[in-house]
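Written out below as structure tokens is the structure these notes cover.
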Amino acid sequence: MRSCGLGLVVCLALAPSCVSSRAVRVSTLQVIPRTDSSLQLAAPLPDVVAVLMRSMAERGFPVVQEVAGDSGKYYIFKGARTNVTTVRGTSTVIAGSTVQVGSWYAARVSSAGGGTLVFLFGKPTLNGTEVCSDADAELKDAQYWCQDSTVRDDWPGSSVITGREESEVVRGVLIALKQQFKAS
């Protein structure tokens with residue numbers, strides 16, 4: 001009986017280190033099709049950029065960077081959404097950690113056919129760093145690079161890093177642009 005109890009204590013003490021983790025690879029392009037992330041507008045590029053920046057800022061995602069690419073200029077937007085606090089412990093140790101979950105967006109804006117072409121996609125951030133995704137290939141001409149983010153398999157914040165929230169922002173911004181300008 002005593003050895004069984006000791007084994008249980010050892011197993012519980014080691015359990016936190018036995019939990020596996022996974023790389024997070026999520027973007028809006030896994031939730032909505034690429035065609036629904038693009039918009040051709042019959043409006044001058046500077047006007048479209050102004051409305052795009054205002055619309056993103058109103059949603060809590062100000063522009064943080066502008067990058068020139070071969071196929072247009074990229075505007076990077078970033079902001080926080082929520083904090084996820086995790087408390088874990090044993091009978092002798094209690095530890096807590098908080099991860100800030102946010103969103104990151106890239107908008108490629110270019111002149112096309114007498115109007116402006118907008119392509120917008122987003123992905124979650126963990127503590128201010130964007131997660132990687134297969135959609136990052138869209139930014140290859142802007143020399144974009146990111147490092148994989150990992151989370152524990154049992155992390156309670158997994159439900160807020162799916163790309164769904166970012167997809168709703170993309171849809172909302174594109175609707176705002178359509179309402180402001182005539183879509184081609």
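Extending each Cα 7 Å along its Cβ direction at Thr90 and Ile175, get the distance between those two points in nm, one decimal.
Computed distance between label sites Thr90 and Ile175 equals 5.1 nm.
Test of the criteria: in the range 87-168, which chymotrypsin sites (Phe, Trp or Tyr not before Pro) are in a DSSP loop and have at most 14 other Cβ atoms within 10 angstrom of their Cβ?
Working: sites: Trp104, Tyr105, Phe119, Phe121, Tyr144, Trp145; in loops: Tyr144, Trp145.
Of the chymotrypsin sites (Phe, Trp or Tyr not before Pro), the ones in loops of the range 87-168 whose Cβ has at most 14 other Cβ atoms within 10 Å are Trp145.
For the chain, modelled as a GNM with alpha-carbon contacts under 10 angstrom, which of Ala68, Ala107, Ala80 fluctuates the most?
Of Ala68, Ala107, Ala80, the most mobile in the Gaussian network model is Ala68.
How would the chain be classified by its alpha-carbon gyration tensor: rounded, prolate or oblate, with rounded meaning a/c under 1.5 and the a/b versus b/c comparison settling the rest? Please list the in-between numbers first.
Numbers: a/c = 3.45, a/b = 2.93, b/c = 1.18.
Prolate shape, in that a/c is at least 1.5 and a/b is the bigger ratio.
Would you work out which of Leu139, Leu174, Ser159 lies farthest towards the positive end of the dipole of the range 135-184? Charges go on Cβ: Lys and Arg +1, Asp and Glu -1.
Projecting each Cα onto the dipole axis, the largest value belongs to Leu174.
Please give the charge dipole size of the range 48-147, origin at the Cα centre, charges +1 on K and R Cβ atoms and -1 on D and E Cβ atoms. Round to the nearest 20 debye. Walk me through the numbers before you get to the answer.
Details: 9 positive and 8 negative charges, 69 e Å.
Roughly 340 debye for the range 48-147.
Size of the dipole of the chain about the Cα centre, Lys and Arg at +1 and Asp and Glu at -1 on the beta carbon, nothing else charged, in debye to 20? Spell out each step's value before the answer.
On the way: 18 positive and 16 negative charges, 70 e Å.
Using Cβ point charges on Lys, Arg, Asp and Glu, the chain gives about 340 debye.
Once amide H atoms are built 1.01 Å from N in the peptide plane, which residues 5 or more positions from Lys73, or in another chain, come under 5 Å H to H?
Val109
Between Gly172, Gly102, Gly163, where does the largest GNM mean-square fluctuation fall for the chain, given springs only between Cα atoms within less than 10 Å?
Judging by the Gaussian network model, the answer is Gly172.
Suppose R0 equals 41 Å. What FRET efficiency, 1/(1 + (r/R0)^6) with r the Cβ-Cβ distance, do Arg54 and Asp148 give to the nearest 0.05?
Numbers: r = 33 Å, r/R0 = 0.80.
For R0 = 41 Å, the calculated efficiency reads 0.80.
Spelling out what I want: for every residue of the range 97-106, take phi, set θ = phi - 60°, compute 6.51 cos²θ - 1.76 cosθ + 1.60 (Karplus), and round to whole Hz; glycine and proline get x.
These are the phi-based 3J(HN,Hα) values: 8, 10, 10, 8, 9, x, 9, 10, 9, 10 Hz.
Once the dipole of the chain is set up with Lys and Arg at +1 and Asp and Glu at -1 on Cβ about the Cα centre, which of Tyr74, Gln30, Thr116 lies farthest towards its positive end?
Of the options given, the answer is Gln30.
No solvent, one uniform scatterer per C-alpha: report log10 I(q)/I(0) for the range 105-153 via the Debye equation at q = 0.17, 0.25, 0.32 1/Å, two decimals.
Evaluating at q = 0.17, 0.25, 0.32 Å⁻¹ gives log10 I(q)/I(0) of -0.60, -1.01, -1.30.
Per DSSP H run of at least 4 residues, take -39500 (n - 2.57); add these up for the chain, divide by its residues and hand me the 222 nm value, nearest 500 deg cm²/dmol. List each step's numbers first, then the result.
Numbers: 3 runs with 48 residues, N = 184.
Rounded to the nearest 500, it is -8500 deg cm²/dmol.
As an exercise, take the mean of 1/r over every pair of distinct alpha carbons in the range 22-88, invert it, and state the Kirkwood radius in angstroms. Mind dumping the intermediate values first?
On the way: mean 1/r = 0.0674 Å⁻¹.
Result for the range 22-88, one decimal place: 14.8 Å.
If the elastic network links every pair of Cα atoms under 10 Å, which of Ser103, Ser91, Ser38 fluctuates the most in the Gaussian network model of the chain?
Fluctuation is largest for Ser91.
Taken together, the values in this text are just the output of simple stated rules run on the coordinates, not laboratory data. Note that the structure is a prediction, hence the values are computed from the model and not measured. FYI the Cβ positions are ideal-geometry reconstructions off the backbone, even for glycines, and counts take in every protein chain you see.
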